[in-house]
Amino acid sequence: MPESRTLGRRLLRGYYLLAVFEVITVGGALYLAHRMTSMFDESLAANRAWQQRVRAYAAIDESLADVRPPLDELFVSEDLPAERRRFDSALATFDRLTATARQEALQGIDGEARALIQNDFTEIERAEKVMVQEAGRVFEAFTPEHTDRAARMLGLAEQYLLALRKATVRLQDDAIASSVRTLEAQEEAAEALRGSETVVGISIVVMVIAATLYGRRISIRVQAADDERDSHLMAIRENERVLRQTEERLQLAGRATNDALWDWELGPDVVWWNDAFATLFARSGEFPSLETLNALIHPDDRERVERSLRQFLSSPSDVWTAEYRVRRADGAYAWVLDRGYAIREEDGAARRMVSSMMDITERKEAERMKSDFVSFVSHQLRTPLSGMSWMLELAADSEGLPEVAREYIADARASAARLATLVNDLLDIARLESGRLVAAPESLSLPALTTAVVAELHPLASEKALDVDVVRDAGMHSVSADPQLMRQVVTNLLSNAVKYTPHGGKISVGLVQHDSTVTWSVTDTGVGVPKDAQSRLFEKFYRAGNAIAMETEGTGLGLHLVRLIVEQAGGRVWCESEEGQGATFAFTLPAIAIEKEVT
């Protein structure tokens, strides 16, 4: 029953459409017939108007015949004033006819015809003015004793009278031409209307045929549409079921995990969080918002986290990580590891960010204890290491040592140097992690520092025939950072590029100035970093599997130290790589404003 009602409604709608089309067609035919009649009426009226104009222009031309005789009869007439009056009277008649014709003509025409008629009347006025001036000179100069001079002047006056006559003739010609063009245009319009009538007639025939065939075709289409609708309804019900299952799984996963999950849509600035977030931070029943998230961050960490997040969103990276303190429901602060993933548009702009907070308070406390222990042990190792290095240096300077002994001593000194570097790195990391290493920031030029480090590493790069190129923006601002610590960062990243780039490869260092940050990057043509290792590269003691397989020396502390130094300076460090296609390591630091640099 519902299907038959639907079919009936659709058929009725189709017939309504045909009826509307028929009404429009018949109405169009009636309108065309009315328009045709109106056009013929307008054509007759226009023809009468143009005939009147042509007669008026002919009258103007005829009136000129009365202007010349008084000038010619000066030489035979004895009454000079009478001829002058006769001339003025004929000229006044010409002016009156001209003014009347001009006023009536310009009120009834427009477009190109109006411009032509207007130009003709302007030319008549100009020729008349000159002719009157010359005729006046003839009247003034004529005397029986000076007929020759008057005759010459009369020739000039007749010349301008002839020009005036040509102007009036051209006025008539232009009027006739405009009338002809009007008739032609109206004839074309009439022809178009007759063609439209033919089209309307054909349309009516087609409409009747279409009405005959429509019933059968619409029934077939309606049946197909009903079948397609049923199929879509089944697909929608299936999708709704799958969507409900997915939503249930998401809710169960959010309840099952101890991590605080949050979801941020950047456009409308809408935030969602799970039950674990609300429980941990006493936000049950509260509407989620970005302001609430920011207010939970420890005041000492808030600026660093916001700056890191801004830099991440403006970069092409997909994954963001940060460690900071967050206020829990009991008022105490917990350390969390926040891992976020950005969903971006085709142009790279971040559209959405999903993240999870893992409570790492116990790990942080263990790391602190471990750092204290490492700091103590490292500090205790520095003294014997210094003594060992000093004794090996003395031994190397001894005379009469066998060559084999010297080689053993050289190996021991190299091992002692590596051990001393490891101890120093451990001490620096422990101090940075515990906050005991106080940086001494100052205005620092990253291009100058980079150039100096590249020069120091030039011998190592030359041994492998590496091409090292440095590209920088002009007018780059300085950064505020500790020069010695930043030297460690640049040295670590450049030495890694040299270490993992094969013989004859290329290393490119880039320095780019953004609005408020400076980005430093090094790109090599080396072995690259596997995708699954990139998120852990900056962890302590971690080394990628392909780096270990190359049997290159390393402790896994260098990149961890780089991250600690860069983050302490208010920046962010990351890696972009495809395994086997090289890697790019980059970091950003806040730039110093020009005004601040000058002061």
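The values are calculated or read from the model by the stated rules, or taken from the named source; none is laboratory data. As the structure is a prediction and not an experimental result, all values here were calculated from the model. Cβ coordinates were reconstructed from backbone atoms using ideal geometry, including for glycine residues, and neighbour counts include every protein chain displayed.
General remarks:
- Of the criteria (1) over 30 Å from K364 (Cα atoms); (2) surrounded by 14 or more Cβ atoms within 10 Å (Cβ to Cβ), which one H458 fails: (2)
- For segment 380-392, the criterion of a residue being in a strand (DSSP E or B) and either modelled with pLDDT under 80 or not hydroxyl-bearing (S, T, Y) (or both) is satisfied by no position.
- Matching entry among S315, S289 (being crowded, with 17+ Cβ neighbours inside 10 Å and either under 52 Å from the mean Cα position of the chain (by Cα) or at pLDDT 80 or above (or both)): S315
- Of residues in segment 495-546 being among the hydrophobic types (A, V, I, L, M, F, W, C) and free of Cβ contacts under 8 Å to residues at least 24 places away in the same chain, the one nearest to L559 (Cα to Cα): F541
- Members of segment 455-482 found to be touching a helix residue (DSSP H, G or I) at 6+ places or on another chain (Cβ under 7 Å) and either among the acidic types (D, E) or assigned to a helix (DSSP H, G or I) (or both), listed by number: L460, A461
- So S495, is it at pLDDT below 90 and of a type outside the set (V, I, T): no
- Index of the failed condition, A334 passing every other in (1) more than 16 Å from D301 (Cβ to Cβ); (2) touching a helix residue (DSSP H, G or I) at 6+ places or on another chain (Cβ under 7 Å); (3) modelled with pLDDT of 85 or more: (1)
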